[in-house]
Amino acid sequence: MRTSPHGFRSNASRRAGPAGFARPWRVLLLALVGVAAMVPAVGTPPAAAAGRPAGPLVPASGFYVGAYTKNADGYGQDREQQAITDLESRLGRRLHIDHHYYSWNDVFPSWREQWDIDNDRVPMISWNGENTDAIGRG
């Protein structure tokens, strides 16, 4: 330890105690506070989401059948519904999953999701991604 020319320790070394002992305690204290801040608070777990369907998401046996359908005559509520029911008639069974595609600017939810639910189908939604550079620019 350095001393002044007169043989006395400096004020900084007096505050630090023997061999700068106080600094490691400060570092340890700050580290403990940081770790404590990252530990989640103990309490009750969050409640399940209210919108979850009551039934299982996996069939008891077999598999779900789903499709994306498009009417050859174009889009529109009547045409899209007809495309699904026509496919179900050709398959001889109903679809469990109805796949819909939306762009970022489309209105969501639309009539499709409620119509699927009313007809015991699971609406499966996919969003058309945009260029990430364009998204970053706003």
Pull up all non-local amide H partners of MET124: gap of 5 or more, or a different chain, and H-to-H distance under 5 Å with H placed in the peptide plane. ASP98, HIS99, HIS100
At what distance in nm do the modelled label points of THR132 and VAL65 sit from each other, each positioned 7 Å from its Cα along Cα→Cβ? 3.9
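Every number here is computed from the coordinates shown, using simple stated rules; none is lab data. Every value quoted in this text rests on a predicted model; they were computed, and no experiment measured them. Reconstructed Cβ throughout: ideal geometry from the backbone, glycine too, with neighbour counts over all protein chains shown.
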